[in-house]
1. Where the eigenvalues come from the Cα gyration tensor of the range 89-205, what are the semi-axes √(5λ) of the equivalent ellipsoid, largest first, in whole Å?
2. With the dipole of the range 277-346 worked out from charges on the C-beta (+1 for Lys and Arg, -1 for Asp and Glu) around the Cα centre, which of 339, 317, 288 lies farthest toward the positive end?
3. In bins 5 Å wide, starting from 0, what share of all Cα pairs of the range 130-279 does each bin hold, as a percent?
4. Show me, bin by bin at 10 Å from 0, the whole-percent P(r) of the range 118-163 based on Cα pairs.
5. Once each part is reduced to its C-alpha centroid, what is the distance from the range 298-359 to the range 67-119 in angstrom?
6. Starting from the Cα coordinates of the range 243-293, work out the convex hull volume and express it per residue in Å³.
7. Evaluate 2.2 N^0.38 Å with N set to the residue count of the range 240-395, then give the Cα radius of gyration divided by it.
8. Between exposed GluC sites (Glu not before Pro) in the chain, where DSSP calls loop and at most 16 other Cβ atoms lie within 10 Å, what's the longest gap?
Amino acid sequence: MLEDTLIAEAQRISGRIVTLRRAIHAEPELGLHTPKTRDKVRAALAHLPLDWREGPSTTGMVATLKGRAGNGRAVLLRGDMDALAMPEETGLDFASTVPGAMHACGHDAHTAMLAGAAELLCAQADQLRGEVRFMFQPGEEGYHGARFMIDDGLIGGGAHGALPDAAFALHVMPNAPHGLIAGRTGPLLAAADQLDIVIEGRGGHASMPHQTLDPVPIAAEIVLAIQTMVTRRFDAHDPVIVTITKMDAGTAHNVIPDRVELRGTMRTLSRANRAALADAVRLLAAGIAGAHGLAAEVTITEGFPVTICDERAVDFAERVGREMFGDQAFLRMADPIMGAEDFAYVLEQVPGAMFFLGVSHEGEDWAHCCGIHSTRMMLDESVMPRGAAFLAGLATRFLDRGFA
Ligand SMILES: [Zn+2]
Ligand SMILES: [Zn+2]
């Protein structure tokens, strides 16, 4: 079967996958513009029969492979390219050479695995009907890169031609068993919105609070009331998390400040809860402040939406994963993760799914490995050929039979 060829071929090109990953790792780039990373990908895939589309909002690109066996479905595979603003402390030979930037979320591996999948699929182009779109995306870490690329028409849609019929992505997990592919139907990752609350009072002498409008106890009341509100207003089976991470007020022991600023994050797993939570937080902050004669201003900055995986796509990928790598290789996750991911924007438009790929070293105590976003995050590169082969297998099988 074609998928067996993909596994063997992925092993054969593993050196090139690792080389690309290390080159990207050593020169991490942040945000929507990752030109060096783009150039490395273009150079690595320059010999392949791909049709490239780029810009204008980001350095993202979509490379299209047209199968030579005729027209058919279109499938999109995505890898993200950006790093994080943080120092690296892995001590690796190919560690970051850019101070204050690190590929701590494994996007270097995602890009290299996607490039590997492109090589594998180009070699099979004679047997493919339809097309594969390889989406190399910057700006995942809070920059909405996927949304910009969609708005630029790079994945199709509207005046830009048909959207793909399915979309898939992988995310590495260092603290998950070596080689395990994991996913779930429905919400996989949360919506993450930023919350800012400013409580305006009137400051004065700390010994004469009655002559002031002290915002500090009001802020404390709001912080606690949010937690009560979450447990009383939202179904425990559709989780909501609000965490206040910053409280900023005052300058001295004996001065009541004019204002308090609160900052935090709001996580939800359904569109309905996301909207209801925003309303509830606004009502609560304004109500508590108002009850004490003060005002509270709530600003909610929308982050990524909920990442929702299509049932057919997950069932399909589970079959492909088990057939390719054995029954034990695929895990159905019981619960979502409350992190967020901007592939959610693609999954709002196209039925598909994202999967986690365990990249701890074989036999390692994976539960205690440094996770993503750690300065010491490392991954076992020997899993990357599996990731490339799985992406390629999803594409060949989908072009052949759809989700069936
Ligand atoms: Zn990340
Ligand atoms: Zn990530």
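1. Working: eigenvalues 250, 115, 51 Å².
Three semi-axes, in Å: 35, 24, 16.
2. Result: 288, furthest along the dipole toward the positive end.
3. For the range 130-279, the pair-distance distribution reads 2, 7, 12, 12, 13, 13, 11, 9, 7, 5, 4, 3, 2, 0, 0, 0.
4. Cα pair-distance distribution for the range 118-163, in percent: 24, 37, 32, 7.
5. 17 Å
6. Output value, Cα hull per residue: 79 Å³.
7. Cα Rg divided by the expected 2.2 N^0.38 Å: 1.47.
8. Numbers: sites that count: 89, 302, 362, 364.
The longest such stretch corresponds to 90-301.
No lab work stands behind these numbers, since they all come straight from the coordinates. As the structure is a prediction and not an experimental result, all values here were calculated from the model. Please note: Cβ atoms are built from the backbone with ideal geometry, for glycine as well, and neighbour counts cover all protein chains shown.
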